[in-house]
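K.L.:
One structure follows; several queries about it will come next.
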Amino acid sequence: MTLLVEQCLNGLQFGLLLFLLAAGLTLVFGIMDLVNLAHGSLYMLGAYFAATFAAWTGSFVLGALLALGATLLVGMAVEVVAMRRLYGRDHLDHVLGTFGLILFFDEAVRLLWGPEGLSLPLPPWLNTAVQILPGIYYSSYRLAIIVVTLAVAAFLYVLVMRTRIGMLIRAGASNREMVGALGVNIKLLYTLIFGLGAALAGLAGLMQAPILTVQIGMGENILILAFVITVIGGIGSIRGALVAALFVGFIDTLGRAFFPDLLRMALSTAAASTAAPALSSMLIYLLMAVVLVFKPEGLFSTGNK
Amino acid sequence: MHKALVTMGAALLLTASPAAAQNKSVKIGFVSTFSGPTAVIGNNMRDSFELALDHLGRKMGGLPVEVIYEDDQQKPDVGKQKTDKLIESDHVDFIVGYIWSNVLLASIKPAVDSKTFLITANAGPHEIAGELCSPYIFSTSWQNDQTPQAMGLYMNQKGVKSVFLIGPNYAAGKDMLAGVASTFKGKIVGQELTTWPSQLDFSAELAKAKAANPDAIFVFYPGKAGVQFLSQYAQAGLKGKIPLYTAFTIDELSLPLQKDLALGVPGAQEWVNDLPNEANKRFVADFIKKYPGKKPSFYGAQSYDAAMLIASAVTAVKGDLSDKEAVRKALERADFKSVRGKFRFGNNHIPIQDFYLQDVVKDANGDYVLKTVTTIVKDSQDNFHDKCPMK
């Protein structure tokens, strides 16, 4: 029982973290119709900035806040310099262009910070476990991630559903041409959305940094999951991204946690422990396949694609 | 058709000619990981190999040495491709390197088939010690099971009654966990293998280990994964509650990132930087001199030994590498000064050697360093040598 609660929290934490990445991706994809493979690079930059600023200021929280601002600025700069050239072109051009950006950022990071990677140590109050229910201890840092991401999700909800910018974002997601025809400054809106997506990716990266360490190419593995979530949730839908991210987080974590035990009932211990990790990492893709069969547009389609 | 025959004939001539010529240089292929997160390890191996060549005056048995470095990207298919390339188009005399057991396993066949001597400077899958042992394969490291076996013995000494094992799901990970299990006398309450090398979040595994409530946790996570594991172990609140025992998880390359997290976490190793022999003192001092800001590691020590081993054989056969049988016998004698002190091969070309307990301490400058605490096991030989048909 204790184990189940803890694994569910692990799943929730992982899912929410993926949501941060997928939210930015789905916004950019849905509104600008831009496939951005370099989203993972922004995630990596968030982590590198946080490790650097935290070392300079000596404070984890201050370092994280500065890193958030820095990734936002980098994101907006990337949009103005590179992404603007790609709008309205073929998806293949997007893939090529943003893949180039991945190589650029990886090499830039290697030049600036060196190939060894960095570590982002946690302050003592985050580096322990706290008692959340009688007898159940949970990593205070992972708990902090859950709280922060939930707050960000709430902020995004208010931003998208209750503000004028949000209205434009939603309008842009369902009909871009019409929004432009109505005299909205689409250029500025795009820069802001891309910056927001970058900041969300940076936040995910810097929060993962103390868990996974900071290294070149750290965004590439997780980017695949973010794309899977975008596809399951429906391109352009933040609500879809949240639901799909939670699904993926839970399936991944609970799969790893309980699938080996289930398999051991059927197979020998050795065979089960070898096969289980491979099979449980397939579960997410199975989910995607099933969703695509029944809802090819994703769970919460925005409807214009 | 006629043209094709001519081309084929020309190709045959081309491939045949180098063998006929007397060696003018010693050609060595070096396969390791030089890109991605574990490039640090490959670079350390290359640095140490280059240092050994400096110490040898860049000559072996009077012949100049040529080394071709190839990046395996930590992928078995790429490693095999690079090995093929070194053998077929570069015609190397020796192939050295291999951090990863799965990469090595994919690469041994081309080496053995072409009768090219392969010296693994790290990977030690049980297959090459047992049924797949070959006159052409040598190791300057260990068989994977050996180091964790030493750790198992140490846990017995510490009175550990139950342990939970965690490691990556690939050839070496499975060997390592089997190694502990073979010497540990207590109960193994659980075992988790994680997807390698992509899985970096161990929350689910740590939660299961905690729930099993063992006396100790044993892990094997080489490279960056070791840093990630130690951070997450501390974040899960297990540090100070369930002691951690390791193999190949804390080394000079991961320590600068692990820092305090590694203090008090014991590991087993066949080489530690403070081993008191002359060859080692020279290796460590010159490494630090040649590469300021870097530190020698066991990966490097094994690569250094590999260079010295090859040099000893080339010298013994007076540079005539065409007589494979003579080269093999010379390699088997292992007539060189190893940085781990005494060095000899078993029948399967895996070293018979001592394993030490290493601990992390802070030195006078506030740097984190590894030091030898004690010898856990003397003259350890792997469990698979009986299965090797070579006598």
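The values are calculated or read from the model by the stated rules, or taken from the named source; none is laboratory data. What you see is a predicted model, and the numbers here were worked out from it, not measured in a lab. Cβ: placed from backbone, ideal geometry, glycine included. Neighbour counts: every protein chain shown.
K.L.:
Which condition number in (1) β-branched (Val, Ile, Thr); (2) in a helix (DSSP H, G or I); (3) away from chain B (no Cβ under 14 Å) is the one that A:Val184 fails?
P.N.:
Condition not satisfied by A:Val184: (2).
K.L.:
I need a count of the residues in the range B:281-307 that are surrounded by fewer than 24 Cβ atoms within 10 Å (Cβ to Cβ) and under 18 Å from B:Asn122 (Cα atoms).
P.N.:
Going through the range B:281-307 one residue at a time, the tally reaches 1.
K.L.:
Taking the conditions exactly as written (more than 30 Å from B:Val40 (Cβ to Cβ) and surrounded by 14 or more Cβ atoms within 10 Å (Cβ to Cβ)), does A:Ser174 satisfy them or not?
P.N.:
Criteria met by A:Ser174.
K.L.:
Same structure, new question: Of A:Ala244, A:Ala209, which residue is within 22 Å of A:Leu150 (Cβ to Cβ), buried (at least 24 other Cβ atoms within 10 Å of the Cβ), at pLDDT 85 or above and touching a Gly at 6+ places or on another chain (Cβ under 7 Å)?
P.N.:
Just one listed residue meets the conditions, A:Ala244.
K.L.:
Touching a Gly at 6+ places or on another chain (Cβ under 6 Å), modelled with pLDDT of 95 or more and either buried (at least 19 other Cβ atoms within 10 Å of the Cβ) or at negative phi (or both) - does that describe any residue in the range B:111-125?
P.N.:
yes
K.L.:
Return yes when B:Ser297 is touching a residue at least 60 places away in the same chain (Cβ under 8 Å), within 14 Å of chain A (Cβ to nearest Cβ), touching a helix residue (DSSP H, G or I) at 6+ places or on another chain (Cβ under 9 Å) and not hydrophobic (A, V, I, L, M, F, W, C) and no when it is not.
P.N.:
yes
K.L.:
Say we look at the range B:29-65 and pick out the residues that are buried (at least 24 other Cβ atoms within 10 Å of the Cβ) and outside any helix (DSSP H, G or I); which of these is farthest from the other protein chains (Cβ to nearest Cβ)?
P.N.:
Only one residue fits best here, namely B:Met60.
K.L.:
Considering only the range B:262-349, give the helices (runs of 4 or more DSSP H) lying wholly within it that have at least 2 residues that are within 30 Å of B:Met390 (Cα to Cα).
P.N.:
Because the criterion is at least 2 residues that are within 30 Å of B:Met390 (Cα to Cα), the helices (runs of 4 or more DSSP H) in the range B:262-349 that meet it are B:298-316, B:324-333.
K.L.:
I would also like to ask the following. Exactly one of (1) closer than 22 Å to B:Glu192 by Cα; (2) of a type outside the set (Lys, Arg); (3) more than 21 Å from the chain's Cα centre (by Cα) is unmet by B:Glu278. Its number?
P.N.:
(1)
K.L.:
Another question about this same structure. Mind telling me which of the residues A:Arg142, A:Arg84, A:Arg110 ends up being within 14 Å of chain B (Cβ to nearest Cβ), surrounded by fewer than 19 Cβ atoms within 10 Å (Cβ to Cβ) and assigned to a helix (DSSP H, G or I)?
P.N.:
Matching residue, one of A:Arg142, A:Arg84, A:Arg110: A:Arg110.
K.L.:
Name the single residue, out of those in the range B:230-240 being part of a loop (DSSP other than H, G, I, E, B) and in contact with a strand residue (DSSP E or B) (Cβ under 9 Å, 6 or more places away or on another chain), that is farthest from the other protein chains (Cβ to nearest Cβ).
P.N.:
So, considering only residues that are part of a loop (DSSP other than H, G, I, E, B) and in contact with a strand residue (DSSP E or B) (Cβ under 9 Å, 6 or more places away or on another chain), the one farthest from the other protein chains (Cβ to nearest Cβ) is B:Leu238.
K.L.:
Here's a follow-up. Please work out if A:Gly195 is away from chain B (no Cβ under 14 Å), touching an Asp or Glu at 6+ places or on another chain (Cβ under 8 Å) and under 30 Å from A:Leu126 (Cα atoms).
P.N.:
Yes; evaluated as a whole, the condition is true for this residue.
K.L.:
Just checking, which of B:Asp335, B:Asp354, B:Asp323 is surrounded by fewer than 20 Cβ atoms within 10 Å (Cβ to Cβ), touching a helix residue (DSSP H, G or I) at 6+ places or on another chain (Cβ under 7 Å) and of a type outside the set (Phe, Trp, Tyr)?
P.N.:
None of the other options fit; the residue is B:Asp335.
K.L.:
Is there any pair linking a residue in the range A:178-199 that is more than 15 Å from A:Leu42 (Cβ to Cβ) to one that is at pLDDT 85 or above, with Cβ under 6 Å and at least six apart or on different chains, and which?
P.N.:
Correct list of pairs: A:Val184/A:Leu168; A:Leu189/A:Leu168.
K.L.:
Also, quick follow-up: Any residue at all in the range A:219-236 that is away from chain B (no Cβ under 12 Å), surrounded by fewer than 24 Cβ atoms within 10 Å (Cβ to Cβ), outside any helix (DSSP H, G or I) and out of contact with any Gly (no Cβ under 9 Å at 6 or more places or on another chain)?
P.N.:
No, every residue in the range A:219-236 fails to be away from chain B (no Cβ under 12 Å), surrounded by fewer than 24 Cβ atoms within 10 Å (Cβ to Cβ), outside any helix (DSSP H, G or I) and out of contact with any Gly (no Cβ under 9 Å at 6 or more places or on another chain).
K.L.:
Tally the residues that are more than 7 Å from every other protein chain (Cβ to nearest Cβ) and over 15 Å from B:Val163 (Cβ atoms), restricting the search to the range B:193-212.
P.N.:
Qualifying residue count for the region: 4.
K.L.:
Any residue at all in the range B:244-262 that's more than 10 Å from chain A (Cβ to nearest Cβ), more than 22 Å from B:Leu177 (Cβ to Cβ), in contact with a strand residue (DSSP E or B) (Cβ under 8 Å, 6 or more places away or on another chain) and not small (Gly, Ala, Ser)?
P.N.:
Yes, some residue in the range B:244-262 is more than 10 Å from chain A (Cβ to nearest Cβ), more than 22 Å from B:Leu177 (Cβ to Cβ), in contact with a strand residue (DSSP E or B) (Cβ under 8 Å, 6 or more places away or on another chain) and not small (Gly, Ala, Ser).
K.L.:
In the set B:Gly173, B:Gly167, B:Gly226, B:Gly190, which member is without any contact (Cβ under 8 Å) to a residue 40 or more places away in the chain, more than 9 Å from every other protein chain (Cβ to nearest Cβ), more than 23 Å from A:Leu126 (Cα to Cα) and of a type outside the set (A, V, I, L, M, F, W, C)?
P.N.:
None of the others qualify; the one that does is B:Gly190.
K.L.:
List every residue pair whose Cβ atoms sit under 7 Å apart, with the two residues 6 or more apart in sequence or on different chains, where the first one lies in the range A:4-25 and is within 14 Å of chain B (Cβ to nearest Cβ) and the second, anywhere, is among the acidic types (Asp, Glu).
P.N.:
A:Phe14/A:Asp252; A:Phe14/B:Asp201
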